[in-house]
Amino acid sequence: EYQPVVAASSDHMLTGFEALVRWNNPKFGNVSPAKFIPVAEDARLIVAIGEWVLRRSCLDAMQWPESTKVAVNISVDQLTSTNFIDTVTAALQESKLPAWRLELEVTESIFLRDGGQAVQVLDRLRELGIKLSLDDFGTGYSSLGYLRNARFDTIKIDRSCVQGAAKNKPESLAIIRAVVALAQSLNIATTAEGVENEHELAMIQQLGCSKIQGYYFG
């Protein structure tokens, strides 16, 4: 499935979609990714699944308007696999999707396993013209040092921070303000995840995020 990402400006122009892998099982029904992704990782199937999602997303994106990007989540296992660059290149060549229309999303966990190798791979991807996003920022370790070691085009603020800010929690508000200010100084876009109603939309616009994603527009 594809969830739209829109500009936070008043016109809410569509900028792209994030590919979200879903599993509708004949026996168990709709299985949450929170359940089947960890199992796929343990079973060493996540690289194969991730490659399929990447190829399918690039092919689907070619059916969209030319200015529309597609964002694909990349696991630690994918990024550290020996042939990942070749896999991405093949997906672009097969689909004929321009590199700038592909955005790869990674979480901070990539730096915890083998940060040096991860940074090298990310640098090579950017050299190809591919966009990079740091996903789920505001959770986990959330070290600002990652932004010094690797160049990202977008920081995605986690849904938990968005919901906390909507409830006027000072910690969540402070995190979003700080991330937005830092991103603006580094010329990095910010995407607020999990925006689900008009109140959250208005709050995110006021805080200065550049893009919005969530069920409200989805």
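All of the numbers you see were taken from the coordinates with simple rules; none came from a lab. Worth saying up front: this structure is predicted, and the values here are computed from it rather than measured. Here the Cβ is made from the backbone with ideal geometry for all residues, glycine too, and neighbour counts use every protein chain on show.
Quick one: grab the alpha carbon gyration tensor of the chain, order the square roots of its eigenvalues as a ≥ b ≥ c, and give me rounded if a/c is under 1.5, else prolate or oblate depending on whether a/b is larger than b/c.
Rounded, because the longest to shortest axis ratio a/c is under 1.5.
Cβ neighbours within 10 Å, averaged per peptide: list 86-95, 62-71 in order, most packed at the top.
Details: 86-95: 16.3, 62-71: 14.6.
In descending order of packing, they fall as 86-95, 62-71.
I need to check one value: relative contact order of the chain, counting alpha carbon pairs closer than 8 Å and at least 6 residues apart, in percent.
Values: 350 pairs, mean separation 39.3, N = 218.
It rounds to 18 percent for the chain.
What is the sum of charges, Lys and Arg at +1 and Asp and Glu at -1, for the other residues whose Cβ falls under 11 Å from the Cβ of D136? All intermediate terms of the calculation are to be shown ahead of the outcome.
Working: positive: K156, R159; negative: E105, E108, D135, D158, E193.
Its environment carries a net charge of -3.
Work out the FRET efficiency for M13 and L59 from their Cβ-Cβ distance, taking R0 = 25 Å, and round it to the nearest 0.05.
That gives a FRET efficiency of 0.55.
Under 1.5 on a/c is rounded, so check that first for region 21-145, then, if it is not, pick prolate when a/b is larger than b/c and oblate when it is not; a ≥ b ≥ c are the square roots of the alpha carbon gyration tensor eigenvalues. Write down the numbers at each step before the final one.
On the way: a/c = 1.57, a/b = 1.04, b/c = 1.50.
Judged from the Cα gyration tensor, region 21-145 comes out oblate (a/c at least 1.5, b/c at or above a/b).
Helix-only estimate, please: 222 nm mean residue ellipticity of the chain, summing -39500 (n - 2.57) across DSSP H runs of length 4 or more and dividing by its residues, to the nearest 500. Mind dumping the intermediate values first?
Numbers: 9 runs with 100 residues, N = 218.
After summing the helix terms and dividing by residue count, I get -14000 deg cm²/dmol.
What list of ³J(HN,Hα) couplings, whole Hz, do you get for region 43-48 from phi and the Karplus terms 6.51, -1.76, 1.60, once you set θ to phi - 60° and write x for glycine and proline?
Calculated HN-Hα couplings, in order: 8, 6, 9, 5, 5, 5 Hz.
If packing is taken as the mean number of other Cβ atoms within 10 Å per residue, what is the order of 182-194, 29-41, 160-172, highest first? Don't jump to the answer; show the numbers that get you there.
Details: 182-194: 18.5, 29-41: 12.7, 160-172: 16.7.
Top of the packing list down: 182-194, 160-172, 29-41.
Distance in nm between label sites at R151 and T87, each 7 Å beyond Cα in the beta-carbon direction?
2.5
Rounded to the nearest 5, what is the percent of antiparallel bridges among the DSSP beta bridges in region 1-119? List each step's numbers first, then the result.
Working: 8 of 15 bridges.
Given both bridge residues lie in region 1-119, the antiparallel proportion sits at roughly 55 percent.
Percent relative contact order of region 1-92, based on C-alpha pairs within less than 8 angstrom and at least six residues apart? Walk me through the numbers on the way to the answer.
Details: 92 pairs, mean separation 24.7, N = 92.
About 27 percent, as a whole number.
Taking 0.36 nm per residue of sequence separation and subtracting the Cα-Cα distance, how much length would be gained by fully extending the chain between E41 and A181, in nm to one decimal?
Working: separation 140, 0.36 × 140 = 50.40 nm, distance 3.53 nm.
Working it through step by step, the gained length comes to 46.9 nm.
Write down the percent of antiparallel bridges among all DSSP beta bridges whose residues are both part of the chain, to the nearest 5.
On the way: 11 of 32 bridges.
Percent antiparallel among DSSP bridges in the chain is about 35.
Taking 0.36 nm per residue of sequence separation and subtracting the Cα-Cα distance, how much length would be gained by fully extending the chain between Q3 and Q206, in nm to one decimal? Walk me through the intermediate numbers first.
Working: separation 203, 0.36 × 203 = 73.08 nm, distance 2.27 nm.
Contour length minus Cα-Cα distance gives 70.8 nm.
Read phi for every residue in region 20-36 and hand back ³J(HN,Hα) as whole Hz from Karplus 6.51 cos²θ - 1.76 cosθ + 1.60, θ = phi - 60°, with x for Gly and Pro.
Along region 20-36, the couplings run 10, 6, 10, 10, 9, 8, x, 8, 9, x, 7, 8, 5, x, 4, 9, 8 Hz.
Give the long-range amide H neighbours of K69: residues separated by 5 or more places, or on another chain, with amide H under 5 Å away, using H modelled in the peptide plane at 1.01 Å from N.
Residues meeting the amide H criterion: G16, F17.
Explain nothing, just compute: Karplus ³J(HN,Hα) = 6.51 cos²θ - 1.76 cosθ + 1.60, θ = phi - 60°, for every residue of region 185-198 in order, whole Hz, x for Gly and Pro.
Computed from phi, the couplings for region 185-198 are 5, 9, 6, 10, 6, 10, 10, 8, 8, x, 7, 10, 8, 5 Hz.
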